[in-house]
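Here the structure comes first, spelled out in structure tokens, and everything after it is commentary.
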Amino acid sequence: MKAVRTPEENRRISWFCFFATLAFLGLVLLLDQLIKPTSPMYMLLTVLQKGSVYALAAVSMNLLNGCTGLFSLGHAGFMLIGAYTYAIFTIPSASRDTVYQYYDAAVRFSFPEVFGNAMGPAGTALGVLVAVILAGLMAAAFAYLIGLPVLRLKSDYLAIATLGFAEILRAVCQWQKLGPITNGSNLLKSFARVSKFKLVLGSTKLTLSTFVPVLIAAVSIMIIVKLINSTYGRAFKAIRDDEVAAEAMGINLAKHKMISFTVSSFFAGVAGAMMAMVLSIAQASNFKSAMTYEILLMVVLGGIGSTSGSVIGSFLFVAASEWWLRGLDSGTFLGINAPNIFRNGFRLVVFSVIIMIVVLFFRQGIMGERELTDVWLNRRRARQKKKEAGK
Amino acid sequence: MLEVKDLHVSYGGIRALRGVDIEVPDGKIVTLIGANGAGKSTLLRTISGLVKAESGSITYNGKEILGMSINKILELGIAQVPEGRRVFTNLTVLENLRIGAYLRRDRDGIQKDIDWVYELFPRLQERSWQMAGTLSGGEQQMLAVGRALMSRPKLMMMDEPSLGLAPLVVKGIFEIIREINRQGVTVLLIEQNANMALKTADLACVLETGTITLRGTGAELLTNEAVKRAYLGE
């Protein structure tokens, strides 16, 4: 059950979430130092990196599909814009000509270099951050333009239109004539990627390759949660429940739908940039509608409308598909060696069965519409009640 | 005072209102009765700005409100309780009330009004943390009324508040309407339940296929032969 909180409980929960996030970030930083690329646990870091990318993508999609009730399937398109923007503006000038081997590169500077030359190592980090934010802004700008005609549509029609626009974005990115900017259908590489993120303090060297994406995702998700809990968030939910009644309450439908759409796309763009820095390449053909469906699946598995559900859903999804079920593809799974059954593609079969089981037994997804904090709060209240009854 | 003059409204080729004149004096309960499809809801939706009119005028305290945005009309103090309650089912009772005060920015005033609504409907306070969708029909109607009150309206328009409710609950709702009116809110009430509505109202009109055919005080219409035959079932 969803719990309504008193202001006191609200404050408590906010602090609890804040410290829990800090503790988690500290843990990730520690794991980043302890786990070496040769360790069998290294997959954990990969899962954390990719999981945080998908978590942000899923949470931003949940803002749109779950909270505002706008069924949009354009997420991969906006992530593509984000990934390309980030990549284009962080390729070092020395590598430009090798990356754009068939074209004459139009963008001839990179933010990390520009800021790095001016301010030293801190400037390089700032440059990466600027590129990430620009990626979000670019995605939001495209979302605004696409939203103008598309947001007049409802439900299935909106889904089809956004899906179409996402495919158009992908096609345009691969267009020969845009080659000087997007490198046509060739991939973008050599830009700032997570494996290069390090913090050097005197003689100690801290690896930040997992910490940075997790940090960006955590901060972004916190902002989205703030938005959902604000009056805007309440208006979004009102629109989802009943458009006509919401309009009668004085909520401007067009404006609020646009806010939700652009904010969601902004963070999709940021997620796209993170995807690029984690995978260390950016290629339009990766951002197909299948990616949107994957993210949608995470949102549904986690529970539509629940932010913590989306996060849990994406980490479970990534962990299962990248790590736990890998053995099903490579011959040995849970100590059973059966190369005839466990070979390429079998993982997907098992995975589909698991998803079907989850959907059958958790009709509302893992979390339903609750948040983790609701579960925690209800437990606490039940405990208090028991204590009082005991007296 | 709300004044509607010679209002014409069409919906996709169908003329729903054909020259409606109606006055709602301050502090009164005015009811509008009529059969299904007479244009009652259309009139209400036109006043609140949800539907665009073809011609005519609607003035509120001398100010033309036809063509104004919904927000502006709401800010002038005209709120509506939509037909079929339309509460936000996946929001809690408290959140529903807060949405009702969406255009207001005065925190203290909003809190005061929430307390006021809870005083009017103690039932809602008990269910403050519940999802509105889990409330009974009568409670949802209370919530819809409370939500409309949260915008601090001077004029509240209600579209069939008795829809689908048990007779005893309907009686309770009408008592609340009188109570709200006593506290200084003008009420424009649309009803199919002519008996209840006419007993409650100060003034009444009968709307038939887009025009007003009868008007008078509630008591007058209650004894009118034509009204009796058509709406009271005698």
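Where a number appears in this text, it was derived from the coordinates with a stated rule and is not lab data. Remember, it's a predicted structure, so these values are computed and weren't measured experimentally. Because the Cβ atoms are built from the backbone with ideal geometry, glycine has one as well, and the counts that use them run over all protein chains shown.
Relative contact order for chain A: what is it in percent, counting Cα pairs under 8 Å that are at least 6 residues apart?
28 percent
Of A:H75, A:H256, the sequence from fewest to most neighbouring Cβ atoms within 10 angstrom is A:H256, A:H75. Cα centroid separation, the range A:127-141 to the range B:1-72: 49 Å. The Kirkwood hydrodynamic radius of the range A:7-288, based on inverse pair distances between different Cα atoms, is 19.9 Å. Shown for B:E75, A:E294: other C-beta atoms within 10 Å of each C-beta, ranked fewest to most, produce the order B:E75, A:E294. The residue list B:A35, B:T217, B:Y102 was ranked by how far each Cα lies along the charge dipole of chain B toward its positive end, using unit charges on Cβ atoms, and B:Y102 comes out on top. Take the Cβ atoms of B:K5 and B:L232, set R0 to 45 Å, and the FRET efficiency comes out at 0.95. Evaluating 6.51 cos²θ - 1.76 cosθ + 1.60 at θ = phi - 60° for every residue in the range B:85-101, the Karplus couplings come out as 6, 6, 6, 7, 5, 9, 10, 6, 4, 4, 5, 4, 5, 5, 4, x, 9 Hz, glycine and proline recorded as x. Annotation: aspartates and glutamates with alpha-carbon distance below 14 angstrom to A:K255 (same-chain offsets under eight excluded): A:E243, A:E247. Both the radius of gyration and Dmax for chain B are 17.2, 52 Å, in that order, over alpha-carbon atoms. Think of chain A as having a plus end and a minus end, set by charges on the Cβ of Lys, Arg, Asp and Glu; of A:Y157, A:L328, A:F109, A:L328 sits farthest toward the positive end of this dipole. Along its first, second and third principal axes, ordered by size, the range B:1-51 spans 36, 20, 18 Å in Cα coordinates.
Summary of the geometry: the range A:288-331 and the range A:23-66, compared by the centres of their Cα atoms, lie 13 Å apart. For B:L189, nonlocal amide neighbours, meaning residues 5 or more places apart or on other chains whose placed amide H falls under 5 Å from its own, are B:V30, B:T31, B:L32, B:M158. For the range B:104-113, 3J(HN,Hα) computed residue by residue from phi via the Karplus equation (6.51, -1.76, 1.60; θ = phi - 60°) reads 8, 10, 8, 3, 5, x, 5, 4, 4, 5 Hz, glycine and proline entered as x.
Every pair of different Cα atoms in the range A:158-274 enters the Kirkwood calculation, which places the hydrodynamic radius at 18.0 Å. For the range B:1-94, the set of trypsin sites (Lys or Arg not before Pro) satisfying both a DSSP loop assignment and a count of at most 11 other C-beta atoms within 10 Å is given as B:K52. Close amide H pairs (under 5 Å, H built 1.01 Å from N) link B:N224 with no residue at least 5 positions away or on another chain.
Toward the positive end of the charge dipole of the protein assembly as shown, with +1 on the Cβ of Lys and Arg and -1 on the Cβ of Asp and Glu, the farthest Cα among B:I180, A:Y84, A:F24 is that of A:F24. For the range B:137-180, the alpha-carbon coordinates run over 28, 18, 15 Å along the three principal axes, in decreasing order.
Computed from point charges on the beta carbon alone (+1 for Lys and Arg, -1 for Asp and Glu), the dipole magnitude for chain B about its Cα centre is near 380 Debye.
Count, for each residue of B:97-110, the Cβ atoms from other chains sitting within 10 Å of its Cβ, then give me the mean as a whole number.
Counting other chains' Cβ atoms within 10 Å and averaging over B:97-110 gives 3.
Could you sort out which of B:K40/B:K112; A:K385/B:K171; B:K63/B:K228; B:K5/B:K72; A:K154/A:K177 sit more than 31 Å apart by Cα distance in this structure?
B:K40/B:K112; A:K385/B:K171; B:K63/B:K228; A:K154/A:K177
Mean projection of the Cα convex hull over all viewing directions, computed for the protein assembly as shown: 37.5 nm².
Among A:S195, A:S314, B:S151, A:S203, sorting on how many other beta-carbon atoms sit within 10 Å of each Cβ, with the fewest leading, yields A:S203, A:S195, B:S151, A:S314.
Only the Cβ atoms of Lys and Arg (+1) and of Asp and Glu (-1) were treated as charged; on that basis the dipole of chain A about its Cα centre amounts to roughly 1040 debye.
Computing FRET efficiency as 1/(1 + (r/R0)^6) for A:L334 and A:S185, where r is the C-beta to C-beta distance and R0 is 60 Å, gives about 0.90. Summarising the amide proton neighbourhood of B:G19: residues at separation of 5 or more, or on other chains, whose placed amide H is nearer than 5 Å comprise B:L7, B:H8, B:V9. Note that the range A:360-367 has calculated 3J(HN,Hα) couplings of 5, 8, 10, 3, 9, x, 5, 9 Hz, one per residue in order, obtained from phi through the Karplus relation 6.51 cos²θ - 1.76 cosθ + 1.60 (θ = phi - 60°); glycine and proline are x.
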